[in-house]
Each structure stands twice: as structure tokens, then as C-alpha cells.
1. For residue 442, indicate whether it is in contact with a strand residue (DSSP E or B) (Cβ under 7 Å, 6 or more places away or on another chain) and surrounded by 18 or more Cβ atoms within 10 Å (Cβ to Cβ).
2. Tell me, yes or no, whether region 78-87 has at least one residue that is at pLDDT 95 or above and aliphatic (A, V, I, L, M).
3. Looking only at region 92-130, count how many residues are in a helix (DSSP H, G or I) and either touching a Pro at 6+ places or on another chain (Cβ under 8 Å) or not basic (Lys, Arg) (or both).
4. If I go through region 189-204 residue by residue, how many of them are buried (at least 21 other Cβ atoms within 10 Å of the Cβ) and either assigned to a helix (DSSP H, G or I) or touching a strand residue (DSSP E or B) at 6+ places or on another chain (Cβ under 6 Å) (or both)?
5. Output the residues belonging to region 248-285 that are polar (S, T, N, Q), away from the ligand (no atom under 16 Å from the Cβ) and open to solvent by less than 40 Å² (accessible area, probe 1.4 Å).
6. Tally up the residues in region 301-346 that are open to solvent by less than 20 Å² (accessible area, probe 1.4 Å), closer than 18 Å to residue 388 by Cβ and away from the ligand (no atom under 16 Å from the Cβ), please.
7. Just to be sure I understand the filter: pairs with C-beta atoms under 7 Å, separated by 6 or more residues or on different chains, first member in region 194-207 and within 19 Å of residue 112 (Cα to Cα), second member more than 11 Å from the ligand (Cβ to nearest atom) and among the acidic types (Asp, Glu). Which pairs pass?
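The values are calculated or read from the model by the stated rules, or taken from the named source; none is laboratory data. Just so it is clear, the structure is predicted and the values come from calculations on it, not from any experiment. Cβ coordinates were reconstructed from backbone atoms using ideal geometry, including for glycine residues, and neighbour counts include every protein chain displayed. Accessible surface areas use protein heavy atoms only, side chains included; no ligands, DNA or RNA. Shrake-Rupley method; radii C 1.70, N 1.55, O 1.52, S 1.80 Å.
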Amino acid sequence: MYNDNPTLNINKEIDESKQGQAFFKEGIKGDKKFYIESYGCQMNFSDSEIVASILADIGYQPTRNIEETNLIFINTCSIREKAEDNVRKRLRIFDKMKRKRPDLLVGVLGCMAERLKEKFLEEEKLVDMVVGPDAYRDIPKLVANAFDGEKGVNVFLSREETYADISPLRLDGNGISAFISIMRGCDNMCSFCVVPYTRGRERSRNCFTVIAEARDLFERGYKEVTLLGQNVDSYKWENPETKKVVSFAELLVMVANVSPELRVRFSTSHPKDITEEVMYAIRDHENICNYIHLPVQSGNSRILKLMNRTYDREWYMKKVDDIRRIIPDCAISSDIITGFCTETEEEHQDSLSIIKYANYSLSYMFFYSERPGTLAQRKYEDDIPLAVKKRRLAEVIEVQRAVSIAENEKDIGKVFKVLIEGNSKRSDDFYKGRNSQNKMTIFQKKGDFKPGDYVQVKITESTMATLKGEIVL
Ligand code: SF4
């Protein structure tokens with residue numbers, strides 16, 4: 001799941017009252033501070049918490065006030081051109097700051113750092129450190145060198161690194177939901193995607209460290225964990241002692257067994273790898289949420305072949321049928337790319353019809369953005385005019401909007417178990433929280449329920465993106 005819009009407020013989330021709760025590590029010594037902002041997918045936000053933990057080990061505390069630190073990090077995304085443009089815009093602002101404060105150090109992390117490597121230092125003179133997703137352990141050395149005036153780059157991609165022994169410092173703190181990264185990298189070579197080049201080969205994390213992290217979060221009051229990976233369905237960890245291989249379905253159940261009060265979500269699935277075992281694990285464990293993010297990318301088999309997605313339309317529809325058969329009330333969401341190389345109008349219609357077939361609760365929809373170095377960039381011409389890409393995207397968004405509205409309308413009158421996450425954006429008299437299907441639900445406060453509690457909510461109204469209701473006791 002990718003988010004082009006820079007979320008500058010990540011540090012704003014850390015409000016004073018939650019200071020103790022937000023920090024995984026107690027008693028960070030010293031008053032050195034750093035500022036970090038993250039872009040892109042949940043994996044990047046989770047990585048920023050790993051970076052924060054590594055910096056905490058050398059006495060740095062995160063701050064949300066960029067003016068009170070001389071150490072800034074930006075964790076970048078490279079999934080689309082727009083994502084990189086957003087990063088460059090921020091660097092312009094940092095550049096202005098650095099002209100006034102020459103002692104300011106700027107570190108670039110994440111996929112854009114990995115994609116550009118040393119070139120980043122040539123292109124952006126203000127940058128002092130360029131660190132790829134597998135090299136964050138090197139940050140303390142790079143920071144020390146940078147303070148001595150030596151710029152540094154480490155973009156080594158590892159086949160082992162999972163940061164399993166590093167406990168994230170929770171930055172994005174509502175104290176209720178947290179990400180747990182279970183694997184890194186991706187072995188799929190979707191022709192439009194930079195991730196295999198910027199995050200390297202797949203490797204799965206020791207399952208016992210995942211369970212330990214989930215248990216620790218639960219003991220500290222968290223009520224929901226989201227297991228993260230580019231393709232969680234290909235999670236496979238071999239226990240070096242027993243040689244037993246732990247699958248994703250088994251890991252899901254192990255995490256769910258931490259406590260029935262701990263909700264478990266996961267992202268992102270891949271249609272070619274998702275198994276019935278995963279679907280049965282969801283069906284048989286109330287606390288594993290009835291929600292699957294299953295990116296289709298295109299509804300047409302010829303385009304799927306060009307995208308090297310390794311499944312076709314019929315295979316994907318069969319997976320949707322399996323989910324509907326095994327978990328009837330499961331919500332499914334997706335990713336869709338319009339205007340991929342040589343896509344015809346008829347083939348575009350296949351993407352519109354698969355939205356209706358799958359009845360997605362929501363989708364992340366983009367037009368094709370050619371990425372340097374990808375298979376598609378090397379093999380295919382980006383021949384669909386921008387206006388056509390945008391028109392097709394508008395049509396996909398329109399169809400998805402109608403499907404989301406209809407899907408949410410079906411929930412009116414139903415009662416759902418909702419985890420209270422906090423006050424609704426619009427009014428402190430209302431709470432917000434999500435049901436098992438990952439649908440945001442807004443309801444009036446009642447009794448002495450508080451964030452972190454589960455409540456039964458009867459749905460009375462719905463919109464495209466939200467359900468509204470009332471607590472039923
Ligand atoms: S599965 Fe495909 S789209 Fe997803 S990260 Fe891997 S290569 Fe990219």
C-alpha cells in the first residue's frame with residue numbers, strides 16, 4: 001500500500017501526554033535530538049521506528065520540532081515519480097534551513113536512497129548521508145563521520161538482514177495499533193516495480209522474535225498489530241535447530257494465540273501465493289481480522305502477463321471466490337494501475353469489471369508511472385498518452401466509488417465489534433475505530449469506554465469511506 005502524500009505530521013503524533021507510552025525504550029540518556037519524516041508504504045514507517053531505535057541506542061531522542069535539532073532524516077519512497085518529486089520538494093526546504101544553519105546534517109533513507117546511491121550526493125549537495133533499507137545499523141558511524149565533515153553512503157543490500165533483534169521505537173503513537181515487519185525484500189519481479197531493486201531479495205524474520213514483539217506490545221496496552229511484508233504470503237522461516245519451516249498461516253496463528261484480545265492484521269498479500277490455510281486461519285480465529293489486501297493491478301490477463309504478475313484474470317477471480325467461500329464476510333481491497341504499456345480500451349474495461357466482480361471495499365488506484373531500471377522501462381514503451389491514463393484512472397475511481405458506497409450500505413443495520421482508536425477527526429463527542437473488515441466507523445461516545453476498548457456498534461448510516469453507528473450494550 002503506497003501513499004504519495006507526504007505525511008509530515010508523523011512527529012506531531014508524538015504528543016507530550018503519550019511520551020512514556022510512545023517510546024519503546026525507557027530512559028534514553030542525553031538530550032541529543034533527531035527529526036525524521038517518512039513517505040510511502042507502511043514498511044517505510046515501520047523502518048523509521050527501527051532507525052529511531054538505533055539512534056536511541058546512541059542517546060538520540062526523536063523530536064517533532066525540526067528547529068530544535070541539527071540531525072534530520074527523510075525516509076523516502078520511489079514507487080512513482082510523484083513520490084520522488086515530493087522528496088525533492090522537502091529537500092529544497094531543508095536546503096534553505098541548512099543555508100541558515102550550516103551545522104545541520106541531512107540523511108536520506110529508504111528506496112530513493114537505494115535507487116540513486118552515490119548519485120544522490122552529486123544531485124543534492126545538502127545531503128550528508130545516503131542510507132539504503134538494509135544498512136540502518138551503520139547510521140551511528142555515518143552520523144559520527146558526518147559531524148566530522150565526511151559525507152557517507154551505505155546502500156548495501158543484504159540477504160540476511162531483518163533487524164529481528166532491534167525493537168522498534170514507536171513513533172506513530174496512538175498506543176493501540178502497531179506495525180510488525182515479518183520479512184523484507186521481494187522476489188517477485190513485477191515489471192513496473194522498483195521494490196526488488198531497492199529492497200533486495202526476500203528474507204523472513206525469525207518467527208519467535210515476531211511473537212515476542214507482539215506479546216510485548218500487548219503487555220504494553222496495544223490491542224492491534226499489523227504484520228508487514230511486500231508479499232507476506234511467501235513468508236517462510238526455517239528453524240535452524242528443528243529444520244521445521246514456519247509458513248505464513250502458521251505465523252498468523254502463533255501471533256493470534258498471544259491473546260484473543262489482540263487483533264491481528266497483515267499486508268500485503270500476493271494473489272499467486274495466498275493459500276487456503278491463510279483463509280482458514282482467518283475463519284477459525286476471531287481476532288485475525290476479516291480483511292485481505294489483494295492487489296490485482298490489472299483485470300486483463302494480457303496486461304497481467306506484461307506486468308509479470310504470474311497469474312491471470314481467471315486465477316485471481318478464483319482466489320476471490322475462495323475467500324468468499326471460506327470467509328463470507330471478508331472485506332477485500334486492491335491496488336490498480338491504469339494505462340500500463342499497450343493497454344487497450346477493452347483491456348481497461350477488464351479492470352473496471354474486476355472491481356465489480358470482487359466488490360472491493362476500497363482500492364489504491366494510480367496511473368502507470370514508468371520507473372527507471374525496471375523491466376517495463378527496459379522492455380516496453382510507455383505508450384499510453386497521459387490524458388488517456390488519467391481518464392482511465394478517473395473511470396476506475398468512479399467505479400470503485402460506486403462499489404464502496406454499495407458495499408458500505410449493505411452494513412446498515414448490522415452490529416460490528418469495533419476497536420476504539422481515538423476521537424473522531426470532526427468531534428470529540430465521537431470516537432473512531434475500525435471493525436474487523438478494516439472499515440473506519442464513527443460513533444457517539446457512551447458510558448466510560450475509552451481508546452483501546454472493544455465495543456459493539458450498530459451501523460445506522462454509511463458513506464463511501466465511513467460507517468456511522470451507535471454503541472449497543
Ligand atoms: S509483489 Fe510486485 S509490486 Fe509488490 S513489491 Fe514485489 S515486485 Fe513490487
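1. yes
2. yes
3. Result for region 92-130: 15.
4. Here the count works out to 4.
5. 259 - this is the single residue of region 248-285 that is polar (S, T, N, Q), away from the ligand (no atom under 16 Å from the Cβ) and open to solvent by less than 40 Å² (accessible area, probe 1.4 Å).
6. The qualifying residues number 2.
7. Here the result reads 198/114; 200/134, each pair linking region 194-207 to a residue that is more than 11 Å from the ligand (Cβ to nearest atom) and among the acidic types (Asp, Glu).
For every residue, the table says whether it meets (1) more than 16 Å from the ligand (Cβ to nearest atom); (2) open to solvent by less than 10 Å² (accessible area, probe 1.4 Å); (3) not in a loop (DSSP other than H, G, I, E, B).
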position: 145; (1), (2), (3): yes, no, yes
position: 156; (1), (2), (3): yes, no, no
position: 162; (1), (2), (3): yes, no, no
position: 165; (1), (2), (3): yes, no, no
position: 171; (1), (2), (3): yes, yes, no
position: 187; (1), (2), (3): no, no, no
position: 217; (1), (2), (3): yes, yes, yes
position: 222; (1), (2), (3): yes, yes, no
position: 243; (1), (2), (3): yes, no, no
